[in-house]
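To keep things clear, I will list the structure first and then write my remarks on it.
Every read-out reported here was derived from the displayed coordinates using simple, explicitly stated rules and does not represent laboratory data. Just so we're clear, the structure is a prediction, and the values are computed from it rather than from any experiment. Here Cβ is always computed from backbone atoms with ideal geometry, including for glycine, and neighbour counts include all displayed protein chains.
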Amino acid sequence: IMQPYEEYVAKFNLAFITLLQIAPTVNSVNDLPSEEEELEFIKAFRELMRLKNVMATFTEFDFADLSMEEQSFEDYKSKYLDLYDKAKSHNQIEKVSILNDVDFELELIHRDEINVAYILKLLAKLKNATAEEQEQQKKAILEMMAGDAKMRSKRELIERFIQENLPKIEDSDDISDEFENFWGKERILALDKLSQEENLNAEKLQEVIGTYMFTEKKPLRDEVIGMMNTRPSLKERKTVAERVTDKILGFVETFINGITRP
């Protein structure tokens, strides 16, 4: 049963106090002394996200009703996603971490649809802007991607495109085609790197990715092992298969999901 809007506002403000006791400022999240404190921060901010999403269903919802400013919420959210990235990287290198089993509930992070097509439209506007406006817009674009769970994996590559390729493009109408060329090359390089790092059959890897895209079901362990040029021992099989699967899902998240033409 839904409680009155004011009840959720009060709960949110109390949860915000809990968060401040763990991380009084946004930057203090970087200085949390151990994973135990990081876990406490994750739990505290996750609760804020849950409450905020409930409040957003009320027509009267207004961030001004809360003791936390909206920009502060976005800044803490970026730190929350940084910890998600950290936990994900620990999984890939098989480092034992109490963050490995945390459910970050990324589905709680809602934004207006931000995809590559949307970013490219913003970049097209940069070409006719003043130098100062360009810098401000670039900063805004990068911050926008940092706060969006699906776009974070693409941020580094898009930032490189902005810094290295965008200045060489004279006509803003060409940005989309130039980006597609850039993305295609980077995708091939990433696929080659994955094949070499894990000693995979490149053709079979392409097939597994294609099947995953079609069925939206994670590759089975036997399918992953079947791609390997050198089969791991039975003892290592589970760990290796999970690591390779994570890399495949990461590749799809970076290079395929959210890539649509404007």
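For the chain, modelled as a GNM whose springs connect Cα atoms under 10 angstrom apart, the maximal fluctuation among 168, 154, 127 occurs at 168. Using a ≥ b ≥ c from the Cα gyration tensor of region 116-255 (square roots of the eigenvalues), is it rounded, prolate or oblate, where a/c under 1.5 gives rounded and otherwise the larger of a/b and b/c decides, a/b for prolate? Here region 116-255 falls in the prolate category. Computed per residue of the chain from DSSP H runs no shorter than four, each worth -39500 (n - 2.57), the mean residue ellipticity at 222 nm is -21000 deg cm²/dmol.
Panel order for 233, 153, by other beta carbons found within 10 Å of each beta carbon, from fewest to most: 233, 153. With the largest listed first and rounded to whole Å, the semi-axes of the equivalent ellipsoid of region 5-108 from the Cα gyration tensor are 27, 14, 11. Rounded, prolate or oblate for the chain? Axes are the square roots of the Cα gyration tensor eigenvalues, ordered a ≥ b ≥ c, and the cut-off for rounded is a/c under 1.5. It is oblate, given that a/c is not under 1.5 and a/b is not larger than b/c. Neighbour counts of C-beta atoms inside 10 Å place 239, 211, 59, 130 in the sequence 59, 130, 239, 211, starting with the fewest. Long hydrophobic helices in the chain, taken as whole DSSP H segments with a C-alpha length of 27 Å or more on their own axis and mean Kyte-Doolittle hydropathy at least -0.5: 35-55, 234-255.
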